[in-house]
Amino acid sequence: MKKLILLVPVIMVISLIIFLVKEVTSVSYLNISCDRAEGVDIMVHSCDENYNGIDAEYTTNDVTEVKTIVEFVNTIPFKNLYSERGSQTPDAWIKILDDKGETIDRLNFYGDLIWYDGELYKIDMAVYKQIKELCDELSNTNISN
């Protein structure tokens, strides 16, 4: 009986640790729809994970490019809900626009945090470099066409 009494708290502590580790390391993704999206506006003025300057701007109304950008946004992994951001000015943003140029979705990036739909989430700083590479790739595609 003593072993059972000792075993129950040990199992509870182990279960709590497993739950907490899973919560801290779990990764989620956004699920933004491009059904109404007719355009995208991207701006990046920040640093990558190695503090190298990154600057990029890209705007498009090409439906194929809009879909590519929305698909990219939906692959950005994030975790850990946060309650406050360090800065009021975003380092980057991606705006999804409708056919009138009105914003229907917007992601603001603040260092290693992303703000979407009123919530803040932790992201990897490498996403800035990925956004710039995507802008460069789309820009180069437009030049060669």
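The values are calculated or read from the model by the stated rules, or taken from the named source; none is laboratory data. Note that this is a predicted model, so its numbers are computed, not measured. Please note: Cβ atoms are built from the backbone with ideal geometry, for glycine as well, and neighbour counts cover all protein chains shown.
Of all residues in the range 93-124, those satisfying the criterion of being over 10 Å from the mean Cα position of the chain (by Cα) and in a loop (DSSP other than H, G, I, E, B) are Asp98, Asp99, Lys100, Gly101, Glu102, Gly111, Asp117, Gly118. Apart from one condition, Trp93 fits all of (1) out of contact with any His (no Cβ under 8 Å at 6 or more places or on another chain); (2) at pLDDT below 80; the exception is (2).
It is to be established whether one or more residues within the range 29-36 are assigned to a strand (DSSP E or B) and modelled with pLDDT under 80. Looking for residues that are assigned to a strand (DSSP E or B) and modelled with pLDDT under 80, one finds none in the range 29-36, hence no.
Considered as a group, the residues in the range 94-145 that are of a type in the set (Phe, Trp, Tyr) and out of contact with any Pro (no Cβ under 8 Å at 6 or more places or on another chain) include one that is nearest to Asn74 (Cα to Cα), and that residue is Tyr116.
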